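The values are calculated or read from the model by the stated rules, or taken from the named source; none is laboratory data. These numbers come from a predicted model, not from an experiment. Cβ placement follows ideal geometry from the backbone for every residue including glycine, while neighbour counts extend to all protein chains displayed.
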Amino acid sequence: MLVEVLERGRRGRAPGAEQVLTKAQEVLCEDARMRRTTTGGPALRWAAVLLAGALLLVGLFWLKPGEHEGFAESAPQMEAVARTLGKDEVLERRTIGVLTFDAVYRDGDAVVFPVSDSHLAYIWSPDRRPGDTMGLWGPWYTFWSDPH
């Protein structure tokens, strides 16, 4: 808008209009150059690199195997063990599927699979939900023991 006013003044041959127009164009060019530097310069590139790095870290964290991924692979074999485990039978430390358990034992009508080096236990209980557990899938439940 300022440029239009100055252009009109130059056409009307107002005294000093040419110098004012030239100065206004210099100011506008400088302003545009500064905007380009602050919005498209090194600061923006650094911000883009940092954002890309943060997104990469979030993606890697999201794609890491979850606590229950090993369970999904091991559940059929664990159920076979649970169905055949005797009433007073305790299986010592063993790996079933891809999970390692400290022991496998029957607790009433449920079979408990405490995961080694964890405070997590999987419980197979086809008849009822054991107390203090969270449902996982079908007859499977999880229990987190408090380490303190």
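Among the residues of segment 77-105, how many are part of a loop (DSSP other than H, G, I, E, B) and surrounded by 15 or more Cβ atoms within 10 Å (Cβ to Cβ)? Give the derivation first.
If we filter segment 77-105 for residues that are part of a loop (DSSP other than H, G, I, E, B), which is where we start, we get 85-89, 92-93, 97-98, 102-103.
Imposing the further condition that a residue be surrounded by 15 or more Cβ atoms within 10 Å (Cβ to Cβ) reduces the set to 85, 97, 102.
Number of matching residues: 3.
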Does Ala110 fit the bill of being touching a Pro at 6+ places or on another chain (Cβ under 9 Å), surrounded by 15 or more Cβ atoms within 10 Å (Cβ to Cβ), within 16 Å of Thr142 (Cα to Cα) and at pLDDT 90 or above?
-> yes
Take segment 123-136 and flag every residue that is in a strand (DSSP E or B) and free of Cβ contacts under 8 Å to residues at least 60 places away in the same chain.
-> Ile123, Trp124, Met134, Gly135
Count, please, the residues in segment 106-122 that happen to be out of contact with any helix residue (DSSP H, G or I) (no Cβ under 9 Å at 6 or more places or on another chain) and either under 17 Å from Gly70 (Cα atoms) or not in a strand (DSSP E or B) (or both).
-> 10
Of all residues in segment 113-148, count the ones that are of a type in the set (Ser, Thr, Tyr) and surrounded by 17 or more Cβ atoms within 10 Å (Cβ to Cβ).
-> 5
